[in-house]
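Engineer: Structure in structure tokens, see below.
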Amino acid sequence: MDFNTENPDTSYTTGDIFHIDFTLAQHLPMPLLGGYVGVGANGFWYKQFTGDTGAGAALGGFLAEQIGVGPVVSYIRKIGKTELAIDVKWLPQLDVQNMMKGNYVWAKVALVF
């Protein structure tokens, strides 16, 4: 949940937003390069549930909403006592209202120690 406050420089308040992300993946039983590969699906839902307000909101409240679903690939490998985790996600937007339509591509690298 995002609860937004007024930007004093523009007298504009973006509406409050709810968003949720999910990933459902399975790591494959065969090792690859000393680690394990996972494949699956991920998605998100973004919903603005109060309208934009203020002097700058001349065109209305713009209740934004977007939904996206796409593939995810992950790789996990132990390096000594450290664990390396890499995720690559592609999230094409399937439904968009009052926002620019496009695709999200995310890459995440994490070391757990």
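The values are calculated or read from the model by the stated rules, or taken from the named source; none is laboratory data. Because the structure is a prediction, the values reported are computed rather than measured. Note that we place each Cβ from the backbone using ideal geometry, even for glycine, and neighbour counts take in every protein chain shown. The protein model used for the area step is the full one, side chains on, heavy atoms only, and it has no ligands, DNA or RNA in it. Shrake-Rupley method; radii C 1.70, N 1.55, O 1.52, S 1.80 Å.
Engineer: Looking only at segment 85-113, which residues are open to solvent by 40 Å² or more (accessible area, probe 1.4 Å) and not in a strand (DSSP E or B)?
Structural biologist: Listed by number, the residues that qualify are 98, 99, 100, 101, 113.
Engineer: Then there is this: Taking the options 96, 72, name whichever one is of a type in the set (Val, Ile, Thr) and in contact with a Ser or Thr (Cβ under 9 Å, 6 or more places away or on another chain).
Structural biologist: 72
Engineer: Among the residues of segment 75-84, write down those that are exposed (fewer than 11 other Cβ atoms within 10 Å of the Cβ) and not polar (S, T, N, Q).
Structural biologist: 80, 81
Engineer: Let me ask you something else. Out of everything in segment 65-84 that is out of contact with any Leu (no Cβ under 8 Å at 6 or more places or on another chain) and assigned to a strand (DSSP E or B), what residue ends up being modelled with the lowest pLDDT?
Structural biologist: The qualifying residue modelled with the lowest pLDDT is 79.
Engineer: Among residues belonging to segment 1-30 that are over 19 Å from the mean Cα position of the chain (by Cα) and open to solvent by 90 Å² or more (accessible area, probe 1.4 Å), point out the one that is modelled with the highest pLDDT.
Structural biologist: Checking each candidate, the answer is 26.
Residues checked against (1) closer than 28 Å to residue 92 by Cα; (2) touching a Pro at 6+ places or on another chain (Cβ under 6 Å); (3) of a type outside the set (Val, Ile, Thr):
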site	(1), (2), (3)
3	yes, no, yes
14	yes, no, no
18	yes, no, yes
22	yes, no, yes
30	no, no, yes
40	yes, no, yes
44	yes, no, yes
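Engineer: In segment 31-64, which residues are part of a strand (DSSP E or B), more than 18 Å from residue 107 (Cβ to Cβ) and open to solvent by less than 30 Å² (accessible area, probe 1.4 Å)?
Structural biologist: Of everything in segment 31-64, just one residue is part of a strand (DSSP E or B), more than 18 Å from residue 107 (Cβ to Cβ) and open to solvent by less than 30 Å² (accessible area, probe 1.4 Å), namely 48.
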